[in-house]
1. Given 0.36 nm per residue, what is the gain on full extension from residue 160 to residue 131 after removing their alpha carbon distance, in nm?
2. Can you give me the Kirkwood hydrodynamic radius for the range 213-257, using every pair of distinct Cα atoms, in Å to one decimal?
3. Sorted from fewest to most neighbouring beta carbons within 10 Å, what does the list 141, 272 look like?
4. Give, in whole angstrom and from largest to smallest, the semi-axes √(5λ) of the equivalent ellipsoid of the range 126-236, with λ running over the eigenvalues of the Cα gyration tensor.
5. For the range 43-315, how big is Rg over Rh, using alpha carbon atoms and the Kirkwood form of Rh?
6. Hey, with R₀ at 45 Å, roughly what FRET efficiency would residue 190 and residue 283 work out to, going by the Cβ-Cβ distance, to 0.05?
7. Using the basic label-point model (7 angstrom from Cα toward the beta carbon), what is the residue 210 to residue 236 distance in nanometres?
8. Residue 80 versus residue 275, label points 7 Å from Cα toward the beta carbon: distance in nm?
């Protein structure tokens, strides 16, 4: 999902550099900022009340307190006020594969059979797609700009969806991440990587040839893609390269908040975290297949998956920056 900017570590760095830390906390060593340490302080994943037993395929957190999820049987769920609630009656209909919000009340969801749903003012309506084939991923930039990919590529601009030329025609695309209206990336089967710039999509050659399932861009010069079997690719501003993965199980989703804080999810309760040095497995509270992850900040996020399981990630920000002072200091 889209990257979020973490300012907290920058604030701490400024306090330490200015000498103010020594004044307010004499004799206490300053905390290390994220820029100075490979390992960010650990948080916890916990099960949250879910929306039932229907599998959820995608989640997008607009903020730690607001988000949307979609899944099988056309299910759309909203997170607000600390709880998830289904906002449309589940029905035997098309599977929704992806949701992306430009804001809390504006966004798109796409799915099988070219199914499309549009959220305006917090209300969802299913709309006629420009084609009937499968759509696997969507990215909303604003109320007037969005992209969706699958068996084809479509672009939403000025109130209408239009199909655009794809250099990967015949090869399904599974994930899309836009940096701006002028630049974005998409990944798909057989290691397909596409780059959007200059008003057109172009094929980017990589050394990888199995399915890539998801992509998340930190900036124009850094991004991550994951896939099957347990494949992890890193973009350094010039090339996409494979990095060491702790698993050979399929990975379904990736979400990056910074170059030192990236999460990925996959089959059988798989949770992975990258801390700036390496990818490591994180124990999940329940062994569901997590189809999607969205980290709203370095301190909060959600993962959704099979059987309607929803996990929340939370890390206490105050414990990162406040010194632990024992009696007698």
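1. Numbers: separation 29, 0.36 × 29 = 10.44 nm, distance 1.28 nm.
Extra length available between residue 160 and residue 131 comes to 9.2 nm.
2. For the range 213-257, inverting the mean 1/r across all distinct Cα pairs yields 10.5 Å.
3. 141, 272
4. Values: eigenvalues 97, 51, 28 Å².
Over the Cα atoms of the range 126-236, the semi-axes work out to 22, 16, 12 Å.
5. On the way: Rg = 16.9 Å, Rh = 18.2 Å.
On the Cα set of the range 43-315, Rg over Rh gives 0.93.
6. Values: r = 33 Å, r/R0 = 0.73.
Computed FRET efficiency for residue 190 and residue 283 comes out at 0.85.
7. 2.3 nm
8. With each label placed 7 Å out from Cα toward Cβ, I get 3.8 nm.
Any read-out appearing in this document is the output of simple, stated calculations on the displayed coordinates, not a laboratory observation. Since we're looking at a predicted model, the values are computed, not measured. Neighbour counts run over all protein chains shown; Cβ positions are idealised from the backbone, glycine included.
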